[in-house]
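Let me begin by presenting the structure, written as C-alpha cells, before commenting on it.
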C-alpha cells in the first residue's frame, strides 16, 4: 500500500448551540486505505463527515484534498458541489434513490445531461458495467430501484458515487441494513476497490467488522479524536474503552429454566401493505423467565409482529394469548391491561408525546388507574411524585419532570419508556430494537433491565437486527424472514446469517 | 450563509410576546391603507381608540361583539389542540341559531327558567350535530375535515336561507326572509341597562374557564392534548384516538352552536341569513392569536372585537371604509403565523469560509 496522503482534515470544529459536536479534529486518509471511524452515537462521526461533504460549515479548521495530480489543495467548505468535484462520494445510511427509476438511471442522473442520457446511453452503460466489473459490485441495472433489495440499493448508491469519479468514498454505517453475508460481500468489494486506488472511510459502531475489515481505526468520543491506530495493533477491549471512556460492566446472563408459557401465537397471519410488513402463519411461544430473540434483517415482518403484539394492528387469522387471555383483537389499552409491556422501535414517534412533560409521559399508559385520576380529573401530586420516583429509580436525566419530553436525549427517552413499562410489572415484554441509537452506557442499562425482568419471571420478546445483541441476550433464537418465523437450534453466526437471508437451515 | 435552525425550546417570553407583537405590527401596517385613503393617521387611530374606550357604552359594544368570538374562538381552540381542523364554526353557529328559533319562538310556551336552558341546549346540540358529520367521515373513512367542514358551511347557509323562506319564516315579517322572534321570556337577560351586553357573555366566560380547566386538569384534556401532539404515540399508549376526536368534535361544534344561540337569543331576537359577519372564521384568528389557550381566547376576542368596533366608529367619523378592520384582523393572523415560525426557529448567519475551489 502506498502511503500517499489523499485527504486531511485539519482541526475541524463544529458547535451546535451549547453542544460541541467536533472539537479540533485532525484526520488523515491515505490512498487505498480503509479507515474506520468508530464512536458511540453522538460522538460526532456523522457531523465530521457532513463537514467533509459540505453539508455543514465548520466553525473553524480546514480540509485539504489531493487533486488528480496528487497535490494537496484546500477544499471550499460548505459546498457539496465542491466536495463532489474533488472526488468525495458519500453513501448515507438512508439511501437517496428514486424508487420509480431504474438502477441505471439512478446512477446516471445528476451527473449527465438529460440529452446525453438518451443519446449516449450505450456508452454510459458500458462505463457503469466497467465499474461494476472492476469493483465487483453488481446490481441489476434495468430493474426499478423500488424492486431491489436493500443490499442492491446500497450497491447502486456506491456505483453512483464511483460513476462520479469518487476517489474518496464515505460510508455511513453501511452494514446496519445488511445480513452478515451481505456485509461480508460488501467488505470484499471494498477490498477490490481499494486495490484500484479508492480510499474509504466507513463509520461504524460495530467493533467486530471494524477489526476484520479496516486498515486503520480512528476513535471519536464527545467530538474529540481520542485514539488512532493501525488495525493490526488494535485490541478490542482497548478500543471499547476508548469509545466509552471507561470499562462498562457487561450484562452477564445466567442460564435459568424457563417457566410456564406467557405468550402463545398460533397460526397468526397479518397482511400488510407490502411484503415488508406481513406475517405468514406465525406460531411461537414465549415462556416466563425467558428471553426470545427474533433475529432478522430489517423489513422482514418485524414491524407487523410488533404491531400485532402492541395492539396497533390485528391479525387476519390465528390467535394470540397472553397468560391464557385471548388478546388477538386487543386494542393497545387492552394489551397494557393484559400486562404486556411494549418498548416501541421508534421511541420518538410511538414511544412518547414530545410536547408533553416527562411526568405526563410516565403516566400516559395508566390514565385509567385510580392512582392517577379520580372521577376523570388528574391527581397532579400523585403524577408528580410518581415521576420523581421513577426518574430517580431509572436515572432519567434532563431538565426536570415538568420539562417537555422532547428535551431529553435519546438515551433518557428510552429510560423514560423503560420506567413506564417496567413499573407496571409486565408479564410479557416486547422490546423492539431497544438499544438502537443508544450510547453504550444506556444500551447496557437496557440490557440489564431486560435480564432483570426475565429473572423476575417475565417473558421477553427481543426483536433486533443486531445478531450480536441477540446472541448476547436471548435464551432462545427465532429467525424472521419474509414474514415467516422459524425456530433455530444453533447459535452459530454464519448459520443464523444464512437463515436471515432466507436460506433453509 | 443564512441557515434556519430550530430553537431548543421557545421561551415563555416568546409565547406571550409573539401574539402581542403580531397585534401591534398588524395595527401599524394598517397605516399604509389609511394613508392611501388620505386619512390623517393620528386622528384615525384616536377615533378608533375613542370608539372603543370613549364611553361605557362603546366599551359594552366591544363586549357584545366579543361574545360570539369567544365562543367560536373556543370552538377552534379545542378542536385545533387535537389537530382536528374544524373550519366549520360558521355553519355550526347557524345551526345553533336555527335550533334556538325552532324551539324558542312559540313551539314550547314555557316559563323563562325552562325555556332559556331549552334554547341553549338545543342550540348546542345542533352545533354538535353539525360537527358530528365531518368527524364521523374523518374517523370512519379518513375524509379530510378541512374540506368537509368548510364546504358544509355553504350547504348550511343555503339551508338556513331555505328555512327562512319556508318553515321558519315569520308570517308577520312582510315578506322579509327572517324568523319569528324568540319569546320574551326565552331571551338571555341584559347585563347593563340600556346597553346590548347580555348574559351570553357570562356563558362565554364560563366556557373559557371550564375549557382551560378541563384541558389542563382532566383526563379528557390529557388525552386530547396527547392526540393532538402525537396521535401515533397516544394510540400506542392506549388512548382511544377516534373517541377523543369524536368528543372534541362534538364539544367544538356545541361551542360554535352557542355562538349562534347567543347572537339570536341575546342580541338580535330573530334569525336572518346575515346573522354572522363571519364570526366562525374570525374565531380561527382569535384562537391562533390566543396561541390555542382558552383563557387567551378571551383576551384575543376582546382585541379583535375592539378593532371591529373601533374601525366602525373611525369609518363613521372619517369616511374611511370599515373594511380596514378585516384587514387588521387578517394581518394579525399572518403576523402571528410568521411570528410563530420565528418562535420555533431562529435564523443564523455564518460567514462562509473562503477556500480556493478545486
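With a requirement of 2 or more residues that are facing another protein chain (nearest Cβ under 10 Å), the strands (runs of 3 or more DSSP E) lying completely within the range A:38-95 that satisfy it span A:60-66, A:72-74.
From A:382, A:393, grab the single residue that is more than 7 Å from every other protein chain (Cβ to nearest Cβ) and closer than 15 Å to residue B:219 by Cβ.
Details: A:393 fails: closer than 15 Å to residue B:219 by Cβ.
After applying the criteria, what remains is A:382.
Note on the range A:1-21: among residues that are in contact with a helix residue (DSSP H, G or I) (Cβ under 9 Å, 6 or more places away or on another chain) and modelled with pLDDT under 90, the one that is farthest from residue A:440 (Cα to Cα) is A:1.
Within the range A:156-173, can one find any residue that is buried (at least 16 other Cβ atoms within 10 Å of the Cβ) and over 30 Å from residue A:9 (Cβ atoms)? The answer is no, given that none of the residues of the range A:156-173 is buried (at least 16 other Cβ atoms within 10 Å of the Cβ) and over 30 Å from residue A:9 (Cβ atoms). With respect to the conditions (1) under 20 Å from residue B:69 (Cα atoms); (2) away from every other protein chain (no Cβ under 14 Å); (3) part of a loop (DSSP other than H, G, I, E, B), residue B:313 lacks only one, and its number is (3). Taken together, B:224, B:275, B:292, B:215 contain a single residue that is within 14 Å of chain A (Cβ to nearest Cβ) and not in a helix (DSSP H, G or I), which is B:292. Residues satisfying the criterion are present in the range A:361-373 (criterion: farther than 30 Å from residue A:441 by Cα and more than 12 Å from every other protein chain (Cβ to nearest Cβ)).
In the range A:450-471, the qualifying residues are those that are within 16 Å of residue A:256 (Cβ to Cβ) and part of a helix (DSSP H, G or I), and the one that is farthest from the chain's Cα centre (by Cα) is A:455. Does residue B:244 satisfy the criteria of being farther than 28 Å from residue B:98 by Cβ, within 14 Å of another protein chain (Cβ to nearest Cβ) and in contact with a strand residue (DSSP E or B) (Cβ under 7 Å, 6 or more places away or on another chain)? So residue B:244 does not fit the description; no. In the set (1) within 20 Å of residue A:49 (Cα to Cα); (2) at pLDDT below 85, the condition left unmet by residue A:250 is number (1).
Within the range A:253-268, the set of residues being within 18 Å of residue A:463 (Cα to Cα) and out of contact with any helix residue (DSSP H, G or I) (no Cβ under 9 Å at 6 or more places or on another chain) comprises A:262, A:264. Mind listing whichever residues of the range A:424-445 are under 24 Å from residue A:386 (Cα atoms) and in contact (Cβ under 8 Å) with a residue 40 or more places away in the chain? Result: A:424, A:425, A:426, A:427, A:428, A:429, A:430, A:431, A:434, A:445. For the range A:143-173, the set of residues classified as at negative phi and modelled with pLDDT under 85 consists of A:146, A:147, A:148, A:149, A:150, A:151, listed by residue number.
Taking each residue of the range A:112-126 that is in the same structural domain as residue A:142 (by TED's automatic domain parsing) and closer than 13 Å to residue A:163 by Cα and looking for partners that are surrounded by 10 or more Cβ atoms within 10 Å (Cβ to Cβ) and modelled with pLDDT of 80 or more with beta-carbon atoms closer than 6 Å, six or more apart or interchain, yields A:124/A:108. Taking the range A:103-123 as the range and being in a helix (DSSP H, G or I), closer than 23 Å to residue A:153 by Cα and modelled with pLDDT of 75 or more as the test, the residues that pass are A:103, A:104, A:105, A:106, A:107, A:108, A:121, A:122, A:123. Where helices (runs of 4 or more DSSP H) fall wholly inside the range A:130-235, the ranges with 3 or more residues that are over 24 Å from the mean Cα position of the chain (by Cα) are A:180-195. Just one of the listed residues (B:232, B:237) is at the interface with chain A (Cβ under 9 Å from one of its Cβ atoms), without any contact (Cβ under 8 Å) to a residue 60 or more places away in the chain, surrounded by 22 or more Cβ atoms within 10 Å (Cβ to Cβ) and over 19 Å from residue B:87 (Cβ atoms), namely B:237. Of note, residue A:292 satisfies the criterion of being closer than 27 Å to residue A:455 by Cα, at pLDDT 95 or above, away from chain B (no Cβ under 14 Å) and under 21 Å from the mean Cα position of the chain (by Cα).
Residues in the range A:344-360 that are facing another protein chain (nearest Cβ under 7 Å), under 25 Å from the mean Cα position of the chain (by Cα) and either assigned to a helix (DSSP H, G or I) or under 20 Å from residue A:424 (Cβ atoms) (or both): A:344, A:349, A:350, A:351, A:352, A:353. With respect to the conditions (1) within 13 Å of chain B (Cβ to nearest Cβ); (2) part of a strand (DSSP E or B); (3) exposed (fewer than 15 other Cβ atoms within 10 Å of the Cβ), residue A:26 lacks only one, and its number is (1).
The values are calculated or read from the model by the stated rules, or taken from the named source; none is laboratory data. Computed from a predicted structure; not experimentally measured. Virtual Cβ from ideal backbone geometry, glycine too; neighbours counted across all protein chains shown.
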